[in-house]
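Structure first, then comments.
Bear in mind these aren't lab numbers, they're just calculated from the coordinates by the rules spelled out. Only a predicted model underlies this, so the values are computations on that prediction, with no experimental measurement involved. We place every Cβ from the backbone using ideal geometry, glycine too, and count neighbours over all the protein chains shown.
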């Protein structure tokens, strides 16, 4: 009888799945605070906007309503202010419903997300704001900001690229440089095709970036096409775009130009981009290739064999007496051979094109 | 003013009894106390005031005509907590009822009206129900009543009325029988507590005073269940260090002809009174409504 009673006792005292669940719930309460930070009401005056945040509201941070009349961007600023005023009205009526995100930085708080809510609260005459106080500067803060911001329709291509570059630099600084477009897709939560498009644009020639920053190229599709073009085509296209910028409206023609590429061509370009990006991965700041390395070998015999095959026997005979065991000498020979071969082939192609 | 919500998803675990005990005890300790009955069944209301019969209502009761009622008024003379969820509070004001207990007033429930509250469109629930009680309790007009303590008794559910009570509270206590069904009910309450705090600033956290093992019996299933809860570090911190046993005297004081009417009027040696005092004292101390270093009263010494 005693034995039976005690075994029942043990059975009832063994935590059931319900008890395990309760335990998990209460454990996660502690984890909530670790992971998500705590909510605090903090003074707006102590919030420092992040200087590297991808989204750039150009309004004055101290007094958003102050727009200089002579500002060349006055129209854009006024539009920003109008949309901020709407938010300010709702803040006056209901307060800020979603907390902003900050982390401590010295005596101030650095903003992670919620720039518009901060400025709108200032407009609404508030002195404090509800904030999620993160325990430290979150890892991948750039990626978070980008994810928060990239959906915004009023973000320009240049803004997005600025944010993306910040993400790449951040990951590199953290020792996890992004090597491929697929990594980018994973980090910022984009579809793979979208990530490939941006990846290609990021690695486009500097003149494409200058055109984007200058507002000559404004859409992903055009930028993507430019990034995939050869040097001559690109220079030509950019020149037309610049002219189009003067004569308003021809930007659309250029976009059509990009659209004219067939689906197959797009797919091919994408596939080749993929190969290129998979191969050259050392530096994020890359340019389109201007030459093709023909590989390396440690064995002079291989170089000698290649040269003997490339050159007619009489020309190869000229190198017969060289020191084929000296790597420097052999390198020079290979360089000469390749250089002559290139001149010869290019001359042949040009001759053929002219005729 | 401090606000305490007594909640448990499972029915019959002693929410109303605990609300009642804490209210009576606080009043006896000189705290001006308001009880709010959010349960459409209106049991708490019936413990403290004589409710009128409402033939039209399945629960059968409604608040009585208020002593301050003036037939010249536009007001129909009845006031319940349901009034704050509609336009009645704005039109007629709010008039808590005096009770037989010292320093204790009550805003009673009203079955049909309370159930109607939960019938608002789901898109309106947040604004019209969930936020409503908190707004009411922080209104300067309400603050002018000068209560020290508000105790909210809730229906056994997780619906909008309970959410409303949780949103309005500073502290939370969960009575729970040490049985499987009741322990299962804890999960929903703890989730609500957690979700509530995810949306509150640190300085306004909803403080979970703990889980009170209630209607406790010295049988293996109850002892084992309590042991299982205490075996988990995460839960242990939230189980109150005292318990209330299942005793018929708690049912007896609910009867209209009961003598005495209050557990606290039983002899100081009565174990039911001692348990009730120990729990209520703990709760009010945790809420900093009575001093922690309170020198022991004669009753306490006798109990010790």
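Some notes on this structure:
- For chain B, modelled as a GNM whose springs connect Cα atoms under 10 angstrom apart, the maximal fluctuation among B:179, B:98, B:127 occurs at B:127.
- Net length gained if the chain between residue A:294 and residue A:345 were fully extended (0.36 nm per residue, minus Cα distance): 16.8 nm
- Based on Cα contacts under 8 Å between residues 6+ apart, region B:158-304 shows a relative contact order of 19 percent.
- Helix B:220-230 and the longest principal axis of the C-alpha atoms of chain B enclose an angle of approximately 80°.
- Distance between modelled label sites at residue A:243 and residue A:74, nm, 7 Å Cα→Cβ extension: 3.4
- For region B:133-235, the relative contact order comes to 28 percent (Cα pairs under 8 Å, sequence separation of at least 6).
- Ordering A:324, A:199, A:190 by the number of other Cβ atoms within 10 Å of each residue's own Cβ, fewest first, gives A:324, A:190, A:199.
- Ordering B:263, A:187 by the number of other Cβ atoms within 10 Å of each residue's own Cβ, fewest first, gives A:187, B:263.
- Between residue B:121 and residue B:249, the simple spin-label model (points 7 angstrom out along Cα→Cβ) gives 5.4 nm.
- Alpha carbon centroid spacing (whole Å) that separates region A:287-355 from region B:263-285: 101
- For the residues of B:221-230, the average number of beta carbons from a partner chain within 10 Å of their own beta carbon is 5.
- Sorting A:323, B:70, A:213 by the number of Cβ atoms found within 10 Å of their own Cβ, with the fewest placed first, yields B:70, A:323, A:213.
- Over region B:203-248, relative contact order from alpha-carbon pairs under 8 Å, at least 6 apart, %: 56
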